[in-house]
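Notes for the one structure printed next.
The values are calculated or read from the model by the stated rules, or taken from the named source; none is laboratory data. It should be emphasised that the depicted structure is a prediction, and the values quoted were computed from it without experimental measurement. Please note that ligands, DNA and RNA were not included when accessible areas were found on the heavy atoms of the full protein model with its side chains. Shrake-Rupley method; radii C 1.70, N 1.55, O 1.52, S 1.80 Å.
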Amino acid sequence: MPFQKVQSEKLSSAVVNQIELLILRGILRPGERLPSERDLAEKLGVSRPSLREAISELQAQGLLAARAGAGIYVADVLGSAFSPALINLFSRHDEAVSDYLTFRRDMEGLAAERAARYGTETDLKVIDEIFQKMEAAGDGMGRELDADFHIAIIEASHNVLMLHMMRLMFDLLREGVFYNRQVMFSQNTTKSDLLEQHRAINTALQARDGKAARAALEQHLEFVCEAYEDARRAERNEEIARQRLDHEYNR
């Protein structure tokens, strides 16, 4: 018979499982430092030898990494998703920006609909608190608050694959791979429009209206795409105008 006696789980295995889930669920993030060995053993209620065994296994899996004299960190598990050559290629071609925004529109629209349905009261409170900060910042609303708002919606969708994928997308955006937000949104009227778009998304989510949340988010990212195209067109037109001016003065 294919049955074996049930054995109690080793403490180190229980620790491995708990840390794996924290990484999987996006609670522990790439680059985040774990507490000291003593503090972590105390928090987990295990001996330090059991903790060391668990840490060693997680390091072997590539989920944790030791830094000399600095401690144990969550490994950059997302870092290899795109090669440096591909990231450089993204940064040099407008086509990648359009595809990036279309991808975000589709994925985040779905995330917003899921967040309205599956998000907890705490999830929705986090989203609302971030929006309140955006509203208080007004025209000074920066890309960090903007990214935090969108990531909070993705977290509230409770889909771990979507979460890790979209965090990577936002990391590339923060690094300026796709476009310069300050150039795109240089007009106060545009920033005001952005705030109202985020308000519509937040209002729909707080009302748990999934269809309205999805529609509001998709409309927002379509607006961003149009703003990008307008900014690029303005840059091209300015370059042409300067060439004409230079030609007139130097002929």
Compare R208, R52, R104 by solvent-accessible area with a 1.4 Å probe and give them largest first, with all protein chains kept in place. R52, R208, R104
0 to 90° range, to nearest 10: angle between helix 160-174 axis and the chain longest Cα axis: 40
Among all lysine pairs in the chain that are eight or more places apart or on different chains, how many have alpha carbons less than 30 angstrom apart? 8
Sequence-distant or interchain residues sharing an amide H contact under 5 Å with L64, placed H: which? Q59, A75
Estimated 222 nm signal from helices in the chain, with DSSP H stretches of n ≥ 4 weighted -39500 (n - 2.57), rounded to 500: -24000 deg cm²/dmol
Would you mind classifying segment 99-178 by shape? Square roots of the alpha carbon gyration tensor eigenvalues, ordered a ≥ b ≥ c; an a/c under 1.5 is rounded, otherwise it is prolate if a/b is larger than b/c and oblate if not. oblate
Using a 1.4 Å probe over the heavy atoms of the protein chains, calculate the carbon and sulfur portion of the accessible area of segment 193-251 as a whole percent. 46
For the chain, build the convex hull from the C-alpha positions and give me its volume per residue in Å³. 209
Treating the angle as unsigned and between 0 and 90°, give the value, to the nearest 10°, between the Cα long axis of helix 210-250 and the longest Cα principal axis of the chain. 50
Whole number in Å², please: accessible area per residue of the chain, 1.4 Å probe, ligands, DNA and RNA not counted. 60
The chain: angle of helix 143-156 to the longest principal axis, Cα-based, in degrees nearest 10: 50
Along principal axes, Cα extents of segment 12-72, largest first, whole Å: 26, 25, 20
